[in-house]
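Here's the structure we're looking at; comments come further down.
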Amino acid sequence: MTKTAWTAGLLLSIACAAGAEPLAETVSPDGELRLSIDRSESVLTYRLSVDGQTVIEDSPIGLTLQGREY
């Protein structure tokens, strides 16, 4: 499986998930960086925080595969 297909599958799986907030989250080993993925209506968004302060507000995530945008 190609890296692009794997990434697309992961993001689409997250998009289809329901329930908990955020849909996905990862934190750096020292706890300073936090990346959250969520869904606002039908749009996947991400947010980045450093030391508890948001440095990138909810921003849309998009994919372009073989010239098609998702």
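The values are calculated or read from the model by the stated rules, or taken from the named source; none is laboratory data. Given the structure is predicted, the values throughout are model-derived calculations rather than measurements. Cβ coordinates were reconstructed from backbone atoms using ideal geometry, including for glycine residues, and neighbour counts include every protein chain displayed. These accessible areas exclude ligands, DNA and RNA; they are computed on the full protein's heavy atoms, side chains included. Shrake-Rupley method; radii C 1.70, N 1.55, O 1.52, S 1.80 Å.
Descriptive notes on the structure:
- Of all residues in the range 51-70, those satisfying the criterion of being hydrophobic (A, V, I, L, M, F, W, C) and touching a strand residue (DSSP E or B) at 6+ places or on another chain (Cβ under 6 Å) are 55, 56, 61.
- Flag if residue 10 is surrounded by 10 or more Cβ atoms within 10 Å (Cβ to Cβ), modelled with pLDDT of 65 or more and not in a loop (DSSP other than H, G, I, E, B): no
- Selected residue (criterion: most open to solvent (accessible area, probe 1.4 Å)) from residues of the range 58-70 that are within 20 Å of residue 21 (Cβ to Cβ) and either touching a Leu at 6+ places or on another chain (Cβ under 9 Å) or among the basic types (Lys, Arg) (or both): 60
- Single condition residue 55 does not satisfy, out of (1) open to solvent by less than 50 Å² (accessible area, probe 1.4 Å); (2) modelled with pLDDT of 95 or more: (1)
- Single residue of the range 13-25 satisfying the filter (at pLDDT 80 or above and either of a type in the set (Phe, Trp, Tyr) or outside any loop (DSSP other than H, G, I, E, B) (or both)) that is surrounded by the most Cβ atoms within 10 Å (Cβ to Cβ): 24
- For the range 26-52, a residue qualifies if it is modelled with pLDDT of 85 or more and either closer than 27 Å to residue 68 by Cα or assigned to a helix (DSSP H, G or I) (or both), and the qualifying residues are 35, 36, 37, 38, 39, 43, 44, 45, 46, 47, 48.
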